[in-house]
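**Student:** Just passing along the structure, written as structure tokens.
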């Protein structure tokens with residue numbers, strides 16, 4: 001992940017079994033309460049920019065252990081539409097086998113939101129977060145999957161229409177670029193061509209190393225190696241179209257360009273100052289791995 005995680009959003013409506021916001025009873029029915037699931041564990045989302053996301057049960061553990069600090073509920077994520085907060089105990093959060101459940105006591109000034117929930121006009125909920133640890137893999141049908149492993153919860157929101165800012169999809173591409181050690185522009189280009197699967201190598205085709213080979217040496221089948229060479233050639237051709245200058249048909253220049261870009265990406269990913277800018281949430285997440 002980046003040393004400066006961006007705020008992202010994920011909506012229950014991107015799952016096939018999106019869970020509707022409901023009205024709930026509290027204190028004998030004297031308070032107006034709405035709630036639902038802001039996150040669903042283990043379910044693949046609908047594609048977002050050619051990528052699916054999966055929330056792992058461990059994702060909210062750090063926020064929960066810290067007492068859900070500074071988490072708020074807002075209608076449609078609008079800062080002007082505050083519904084409640086954990087600080088004032090008007091927002092209650094809990095984890096179960098399904099996901100992250102929330103209940104918020106709606107103020108009188110937001111009675112219209114309660115009425116929308118009562119009428120069934122709110123088909124789902126959303127949560128904003130910062131991801132500190134994620135895992136990438138190739139899912140069913142060859143579509144990349146990002147599994148959210150650890151992060152920080154920022155807010156939960158009942159919503160009428162699931163919407164994703166461009167920044168959310170951009171963050172997905174940036175995370176994938178760090179995982180694959182390629183430029184973010186190359187990930188965007190491959191997404192436009194429907195070729196994101198090219199960034200992944202099938203491990204079931206790997207050839208076992210003989211006992212005399214030192215640990216850590218990676219062996220791949222000819223098919224896997226050929227796919228990687230094809231991917232690199234496509235990336236180099238795309239760079240040549242975009243930037244010009246280098247003759248990407250020259251194997252020496254193409255290889256040199258590849259090493260330069262890989263070294264730059266790795267330097268960006270493992271920069272020494274990374275830990276100095278991490279907050280307590282991120283440090284704790286890294287220490288667990």
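**Student:** Looking for something more than 25 Å from residue 70 (Cα to Cα) and surrounded by 15 or more Cβ atoms within 10 Å (Cβ to Cβ) - is there at least one such residue anywhere in the range 108-115?
**Tutor:** No, the range 108-115 has no match at all.
**Student:** Tally the residues that are surrounded by 14 or more Cβ atoms within 10 Å (Cβ to Cβ) and outside any strand (DSSP E or B), restricting the search to the range 71-87.
**Tutor:** Of the residues in the range 71-87, 6 are surrounded by 14 or more Cβ atoms within 10 Å (Cβ to Cβ) and outside any strand (DSSP E or B).
So that you can scan it fast, the table gives a plain yes or no per residue for (1) farther than 14 Å from residue 123 by Cβ; (2) at pLDDT 75 or above; (3) surrounded by fewer than 20 Cβ atoms within 10 Å (Cβ to Cβ):
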residue	(1), (2), (3)
1	yes, no, no
5	yes, no, no
11	no, no, no
18	no, no, yes
33	yes, yes, no
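**Student:** State whether one or more residues within the range 163-175 are closer than 18 Å to residue 57 by Cβ and touching a residue at least 24 places away in the same chain (Cβ under 8 Å).
**Tutor:** Within the range 163-175, not a single residue is closer than 18 Å to residue 57 by Cβ and touching a residue at least 24 places away in the same chain (Cβ under 8 Å).
The values are calculated or read from the model by the stated rules, or taken from the named source; none is laboratory data. Just so it is clear, the model here is predicted, and its values are computed rather than measured. Cβ: placed from backbone, ideal geometry, glycine included. Neighbour counts: every protein chain shown.
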